[in-house]
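Here the structure comes first, spelled out in structure tokens, and everything after it is commentary.
The values are calculated or read from the model by the stated rules, or taken from the named source; none is laboratory data. This one's a predicted model, so the numbers in the text were calculated from it and none came from an experiment. Only protein heavy atoms, including side chains, enter the accessible area calculation; ligands, DNA and RNA are left aside. Shrake-Rupley method; radii C 1.70, N 1.55, O 1.52, S 1.80 Å.
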Amino acid sequence: MANPRWSVVIPAYNEAARLPTYLKEVQAYFEGRDESYEVIVVDDGSRDGTADRVREVAAGRAEVTVHALDRNRGKGHAVRAGMARAVGGRRLMADADGATPIGEVARLEAAVSAGADLAVGSRVLRDPSVTRQVRVHRKLSGHVFNFLVRRLGVTSVVDTQCGFKLFRGAVAAALFPEITTDGFGFDVELVMLAERRGYRVVEVAVNWADQPGSKVAVLREGPHMIYEVLAARWRLAGRPSGKRA
């Protein structure tokens, strides 16, 4: 198809049960807007038939494609692979579990239309128009992680880890090839790099509901995420600043 207005990149690892419902919602939302779109699902080495379920739900629609990786490489790698294939003027990354309703993209779109280069969904900003359903242990671990990230230099965003982010197309094309973190810590490298390049990053409160079956195990993934963030900070310290898009 000709370059669509929207690209939606969804990384998926063993999401045969949760992704089909969300994918239907994504399709219905953009078709309801009557705007051109593409959905790129990156199957990150799933073993539960995720790619086959996506193809069933898409029912042959050209707007939805599946890029299947030969093995599990991590969320950061999967999003990067999807963004490398995206061509839309607005490029959204969204989690496969549907924790953030697809309609929340309108909040991020407003921020981008007002001048943001990157709009980051947030589960921590206070806003009377949104609600959050978060399990206590994830809320506490999130506060600790966010505190550490801010101490390491991220200034524009409190909640780096919300998997709902909208980019101007040219900005996504400039940022993602430079990201090297493969795991869950890639969100922090992304925001760090955007700040270093001088892009305008805006955090936007969104509705969010914790979903059963999270792939992020706090005790197992937490230390590795901190390591990834420290490694990213070290790498970026040696790179030049300034916009490249």
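Sequentially through the stretch 37-49, phi angles give Karplus couplings (6.51, -1.76, 1.60; θ = phi - 60°) of 8, 9, 10, 10, 9, 9, 7, 8, x, 4, 10, 10, x Hz, Gly and Pro residues having no value and appearing as x.
Taken one residue at a time, the phi angles of the stretch 113-128 give Karplus couplings (6.51, -1.76, 1.60, θ = phi - 60°) of 5, 8, x, 6, 8, 9, 10, 10, x, 10, 9, 10, 5, 7, 7, x Hz. Gly and Pro are set to x.
Averaging the Cα positions of each part gives two centres, and for the stretch 154-205 and the stretch 67-115 these lie 11 Å apart.
Taking a ≥ b ≥ c as the square roots of the eigenvalues of the Cα gyration tensor of the stretch 37-83, is the shape rounded (a/c under 1.5), prolate (a/b larger than b/c) or oblate? If you can, show how the numbers build up before the last one.
On the way: a/c = 3.23, a/b = 1.35, b/c = 2.40.
Verdict is oblate for the stretch 37-83.
Rolling a 1.4 Å probe over the protein heavy atoms leaves Lys24 with an accessible area of roughly 120 Å². Amide H contacts under 5 Å for Val39: Val8, Val64, Thr65, restricted to partners 5 or more places along the chain or on a different chain, H placed in the peptide plane at 1.01 Å from N.
Which shape class, rounded, prolate or oblate, goes with the stretch 1-137 when its Cα gyration tensor gives a ≥ b ≥ c as root eigenvalues, a/c under 1.5 marks rounded, and past that a/b bigger than b/c marks prolate? Here the stretch 1-137 falls in the oblate category.
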